[in-house]
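Working notes, structure below.
The values are calculated or read from the model by the stated rules, or taken from the named source; none is laboratory data. On a predicted model such as this, the values are computed, not experimentally measured, just so you know. In this analysis, Cβ positions are derived from the backbone assuming ideal geometry, glycine residues included, and neighbour counts consider all displayed protein chains.
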Amino acid sequence: MKLVAAVLSLVCCARLAQAQPGAAPVASPATAAEDPLSPTVGGALSMLGTTAAWTLMFASVAQPETRARDTAFALGALGTLVAPNLGHWYAHEAWTPGLTVRVVSLAVGAVGTALVIQNLFENESDANVGAAIVVIAGLGYLGGTVYDLATVGDSVARYNARSHPLAILPVVQPATGSYGLALGGRF
């Protein structure tokens, strides 16, 4: 009970904090972390990363077969998997539905590719099944990419809505001997 009375007296009796002439301003060290994230930056990260990854992958195919070309192709292929998520990672969302679709599509595509290869050596008539599975997996992969690119703004908005909506901060005025608490919020 004494603690409640002490806190209430601090809150009720404290003076409002005001800038004093000649007093040096005190900068908050967490100001940068509290600024809202930009949907434009999130979208640019995802779009530019995705474009760069697909460009690297397709440009490497046109090159003569070397180790550097194979490395560029592998980096481009890996980039097509993760680059659409760059804007989501900026918004602190590590795993997205689009990434899930791309990973599942890779697994389905691997199964389809294995069926195509198996049917090439066995001369069976159902080689088209494997090819159809590969095409469906490719469409799923592209769909997951488009989904992640389209929802980056929503991820950034969710982050901005949930990050630090209210804060209770101490207020200390050494020159006047005043102290208390301040309530700040983002509405």
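Annotations
- Where a residue in region 52-79 is farther than 23 Å from Leu99 by Cβ and its partner, wherever it lies, is outside any helix (DSSP H, G or I), with Cβ under 7 Å and at least six apart: Arg69/Gln63
- Residues located in region 159-169, provided they are surrounded by fewer than 16 Cβ atoms within 10 Å (Cβ to Cβ) and in contact (Cβ under 8 Å) with a residue 12 or more places away in the chain: Ser163, His164, Pro165, Leu166, Ala167, Ile168, Leu169
- So Val134, is it modelled with pLDDT of 85 or more, surrounded by 14 or more Cβ atoms within 10 Å (Cβ to Cβ), closer than 27 Å to Thr96 by Cα and not aromatic (Phe, Trp, Tyr): yes
- Once region 172-187 is narrowed to residues that are over 28 Å from the mean Cα position of the chain (by Cα) and free of Cβ contacts under 8 Å to residues at least 60 places away in the same chain, the residue that is nearest to Ala107 (Cα to Cα) is Leu183.
- So Leu149, is it free of Cβ contacts under 8 Å to residues at least 40 places away in the same chain and not acidic (Asp, Glu): no
- Residue ID - modelled with the lowest pLDDT, chosen from residues in region 28-46 that are under 14 Å from Ala157 (Cα atoms) and part of a loop (DSSP other than H, G, I, E, B): Asp35
- Check on Leu142, without any contact (Cβ under 8 Å) to a residue 40 or more places away in the chain and within 18 Å of Ser46 (Cβ to Cβ): yes
- Options Asp154, Asp148; residue that is crowded, with 17+ Cβ neighbours inside 10 Å, of a type in the set (Asp, Glu), in contact with a helix residue (DSSP H, G or I) (Cβ under 9 Å, 6 or more places away or on another chain) and in a helix (DSSP H, G or I): Asp148
- When residues of region 78-105 are limited to those that are surrounded by fewer than 17 Cβ atoms within 10 Å (Cβ to Cβ) and touching a Phe, Trp or Tyr at 6+ places or on another chain (Cβ under 7 Å), the one farthest from Leu139 (Cα to Cα): His92
- For the residues Leu120, Leu115, Leu106, Leu169, the requirement of being within 27 Å of the chain's Cα centre (by Cα) and not in a loop (DSSP other than H, G, I, E, B) singles out Leu106.
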